[in-house]
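Computed from the coordinates by the stated procedures, all read-outs in this text should not be read as laboratory data. This is a predicted model, so every value here is computed, not measured. Virtual Cβ from ideal backbone geometry, glycine too; neighbours counted across all protein chains shown.
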Amino acid sequence: MKICIISSLYKPTIIGGAEVVAEKTARELQRRGHEVFVVTTNHHSKTEEVDVDDIKTYRIPLNIYSIYNLSDQSIIKKLLWHLIDLWNPSAYFKLKDILKEKKPDIIHIHNFKGFSGAAFSAAKKLDVPVVFTVHDCSVYCVRANLLKGDGSICTEPRIPCRFYKEVNSFFIDKIPDFVISPSKFLIDKLKYQGFFRDSEIAVIPNPVEKDLEIIEKDYITIDILYVGALSGHKGTDVLIRAFRELGDDNMRLHIVGRGPDEDKLKAISGDDEKIIFHGFLKGEELSGMYGKANVTVVPSVCYENSPMVVYESFAHSTPVIGSNIGGIPELVSEGCNGFLFEPGDKDELKSTLKRLVEDPSILKEFEKNAYESAKKYTIKEHLEKLERIYRGLL
């Protein structure tokens, strides 16, 4: 099969899990004998055609700035960007030309921000099957995470947000032949909002690429790991405050990632030498952090879909303490491969961490269960399910 992967961002331009999943999928499909090409946005001012891991990748500039640079822009520029991104004619024509030239058998869309709903319009024009993997709430939330500007969860969308939803409903809703989500939570949210009620749907967890092995840990020092964006909706400040209040000399908190709140989080950390900021890590460096950690904390206060950090942690025999929100409880089983706590509840998180410090033996059983959980999420199983969907559509 010739397969086109469309993703807002793509290696090496990575912000979150969606582009990691898109890249893993593209590379594995190519390895399994399919012809794969990728179309993504470009933060430069011209269209580029490059090879990424021997996969033909088209990088096209589509708006007044790249989605990768979104957080650095003024309010006026952001408003203009979002107006263009309602339905971007430049994206439509550039994408349509590439698709007409390459003639794929399947078009698989991941995140579409930057392309706008025009990605679906261009795919429809080609009249080939379209698969859409939803990674967040982008189809009906401008911010994609259902959060207000003050960081609280949005329950009553404002008029501009309702307009945004209606535009996307018009351009996107009926086009995908098959919709995939890593979590049932997100599918239920989308259906409640009126999206994809007539589409074929499957819940397919995100893939783990690492060769699985049980990693032996030590408990001389309890190493707590956070991996993710350093921004308010991730709840990193809740974790830091809980850790600082514990004040245990046998604990270390390792924070991996970057983001707009980095300086603020370092200020909250004060001069606590037990809190170490490692910056953005990937590859072997990141794998080493997971392998060393005794527990990974996912303290999100937003509706996470199915965070890659949970899968990656389990793949390194590392249990997870996660917020009981979104798709996280579909992965983290209370008292089995980790613990759950109420989002934003510093005291509950502190109590859970204290329990582990006082009785590290709990972690031993959790490590085995984390390893067993990871077996359900191998990339081989993920790709076999994906290929079955592709063949069914053809």
The chain, relative contact order in percent, only Cα pairs under 8 angstrom and at least six apart counted: 13 percent
Please give the Cα centre distance for the range 46-71 versus the range 299-315, rounded to the nearest Å. 26 Å
Protection proxy ranking, peptides 123-130, 151-158, average beta carbon neighbours within 10 Å, highest first: 123-130, 151-158
Spelling out what I want: for every residue of the range 139-150, take phi, set θ = phi - 60°, compute 6.51 cos²θ - 1.76 cosθ + 1.60 (Karplus), and round to whole Hz; glycine and proline get x. 5, 9, 10, 4, 7, 6, 10, 6, 10, 7, x, 8
Around Pro61: net Lys/Arg minus Asp/Glu count, Cβ-Cβ under 12 Å: +2
Can you classify the range 222-377 as rounded, prolate or oblate using the Cα gyration tensor, where a ≥ b ≥ c are the square roots of its eigenvalues, rounded means a/c under 1.5, and otherwise it's prolate if a/b beats b/c and oblate if not? rounded
Find out how many positive minus negative residues lie around Leu99, taking Lys and Arg as positive, Asp and Glu as negative, among other residues whose Cβ is under 12 Å from that of Leu99. +4
Length gained, Asp188-Arg391, 0.36 nm per residue minus C-alpha separation, equals 70.5 nm
Under the Karplus curve 6.51 cos²θ - 1.76 cosθ + 1.60, θ = phi - 60°, whole-Hz ³J(HN,Hα) for the range 60-70, x wherever Gly or Pro sits: 10, x, 10, 8, 6, 7, 6, 4, 5, 9, 4
Gly235 long-range amide H proximity, modeled H, under 5 Å: Val301
Would you pull out the residues with amide H under 5 Å of Phe341's amide H, same chain only if 5 or more places away, H placed 1.01 Å from N? Gly322, Ser323, Asn324
Amide H neighbours of Val208 at under 5 Å, excluding residues fewer than 5 places away on the same chain, with H built from the backbone geometry, are Thr378, Ile379
For the chain, modelled as a GNM with alpha-carbon contacts under 10 angstrom, which of Ile15, Ile98, Ile172 fluctuates the most? Ile98
Just from its helices, what would the mean residue ellipticity at 222 nm be for the chain, if runs of 4 or more DSSP H residues each count -39500 (n - 2.57) and the sum is divided by every residue, rounded to the nearest 500 deg cm²/dmol? -11500 deg cm²/dmol
Take peptides 351-358, 138-145, 311-318, 364-371 and line them up by average Cβ neighbours within 10 Å, highest first, as a rough protection proxy. 311-318, 138-145, 364-371, 351-358
Treating only the Cβ atoms of Lys and Arg (+1) and Asp and Glu (-1) as charged, compute the dipole magnitude of the range 222-377 about its Cα centre; round to the nearest 20 debye. 260 debye
Would you please report the Å³ per residue occupied by the convex hull of the alpha carbon atoms in the range 1-160? 117 Å³
Beta bridge orientation in the range 45-135: antiparallel %, DSSP, nearest 5: 65 percent
Most positive-pole-ward Cα, Phe366, Ser138, Ser183, against dipole of the chain from beta carbon charges: Ser138
Note, ³J(HN,Hα) from phi for the range 334-342, Karplus 6.51, -1.76, 1.60, rounded to Hz, x at Gly and Pro: 3, x, 10, 10, x, 10, 10, 9, 5
